[in-house]
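Quick notes on the structure that follows.
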Amino acid sequence: MKDQLSRFSLVALLAITCLPSAFAQQPQGQPVRTITRITGDLYRAQNNDHYTVFLVTPAGIILADPINVEAAAWIKTQLAERFPNTPVRYVLYSHHHQDHASGAAVFNDTAELVAHENFNAALKASAGQNAEAPRRYEAVVPPESTYTARRTITLGGKTVQLIHPGPTQHAPDLTVLFFPAERVVFGVDFMAVKMVPGSNTLAGGASVSNYVNAIKAVEALDFTIAAPGHGPVGTKADIVAHRQYFENLGARVSAGIASGRTVAQLQAAAIMDEYKAWIEYDEDNDVNIANVYNTLSAQKR
């Protein structure tokens, strides 16, 4: 079993490293799905550009996000094949967004669903945003138990900590999963490895400082491996660098506004040029400059 997983891990690692090629090799319409070992009994599951993690214990499995209905069904099948008679006992939501939280009903016959206490209110607000939203969120099952700041779950002698890093514009119910024995942290959307924050991250007056504070809460944990919900696995230094992106972006845009420069001038000046090798720099960096510019300009009025 371990040899089989190790061979599978190598293939998956190559797929993550060369993601466009991996997608090109898939049959039309088929999702890219892999399972790789992070360390010990902690694994990472991929569904296209979404990732989750799970910890195998003698008493059952602790799973993070189900991702979506189809991915959850695939994960359940894989777990049954790889770890027979080892049911999922917990599903731990990173937050309520449907592209990470859908599909937990697949595991609800054996698992307790757990989330931050803001999950239900945030789910209701997101589902009520427009006419299409209820349909998109219909596969998100509310948690059966919640926590406020921290919660520790122990199963089969193994431990995971649920930690609320604080609210951000992205979601008020973020949960970071910290695996202390493995020294691994799992966080979704607000933290990443060598990836520029998405174009919606800082939209609508979002606070740079809220993201900085949330990432600092992650940095305070004693981990060596960061396994984000999107993009590659990295190290603690990568999470520090991600926080510094936000700090540098805020400081440089603020300085530009103070000197009377326009958004277009700041974008043309490539003020974040040291991040040009990061994933999605070309797609999102100029948008991030514009969003922060608009937010800081509005605060000065």
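The values are calculated or read from the model by the stated rules, or taken from the named source; none is laboratory data. Quantities reported herein were computed from a predicted structural model and do not represent experimental measurements. With ideal geometry, Cβ positions are generated from the backbone for all residues, glycine too; neighbour counts draw on all protein chains shown.
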(request) Report the residue count in the stretch 115-148 for those that are aliphatic (A, V, I, L, M), under 17 Å from GLN169 (Cα atoms), modelled with pLDDT of 95 or more and touching a Phe, Trp or Tyr at 6+ places or on another chain (Cβ under 8 Å). (result) 1
(request) Need at least 1 residues that are small (Gly, Ala, Ser) and within 20 Å of the chain's Cα centre (by Cα) per element, so show me which helices (runs of 4 or more DSSP H) inside the stretch 216-301 make the cut, counting only ones lying wholly within it. (result) 236-258
(message) Please go through (1) modelled with pLDDT of 95 or more; (2) outside the structural domain of SER297 (by TED's automatic domain parsing); (3) under 19 Å from the mean Cα position of the chain (by Cα) for PRO167 and return the number of the only condition it doesn't satisfy.
(response) (1)
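Conditions tested, residue by residue: (1) farther than 15 Å from PRO197 by Cα; (2) touching a residue at least 12 places away in the same chain (Cβ under 8 Å).
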| residue | (1), (2) |
| --- | --- |
| ILE257 | yes, yes |
| ILE271 | yes, yes |
| GLU274 | no, no |
| GLU283 | no, yes |
(message) Testing THR52 on (1) touching a His at 6+ places or on another chain (Cβ under 8 Å); (2) among the polar types (S, T, N, Q); (3) modelled with pLDDT under 95, one condition comes back false. Which one is that?
(response) (3)
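List the strands (runs of 3 or more DSSP E) that sit entirely inside the stretch 47-130 and contain at least 3 residues that are among the β-branched types (Val, Ile, Thr). I'd like the intermediate steps shown before the answer.
Working: elements: 50-57, 60-63, 88-92, 112-116.
Answer list for the stretch 47-130: 50-57.
Quickly run through the stretch 49-91 and pick out the residues that are charged (D, E, K, R) and surrounded by fewer than 24 Cβ atoms within 10 Å (Cβ to Cβ). Explain how you work it out, then say what you get.
Filtering the stretch 49-91 for residues charged (D, E, K, R) gives 49, 65, 70, 76, 81-82, 89.
ASP49, GLU70, LYS76, GLU81, ARG82, ARG89, listed by residue number.
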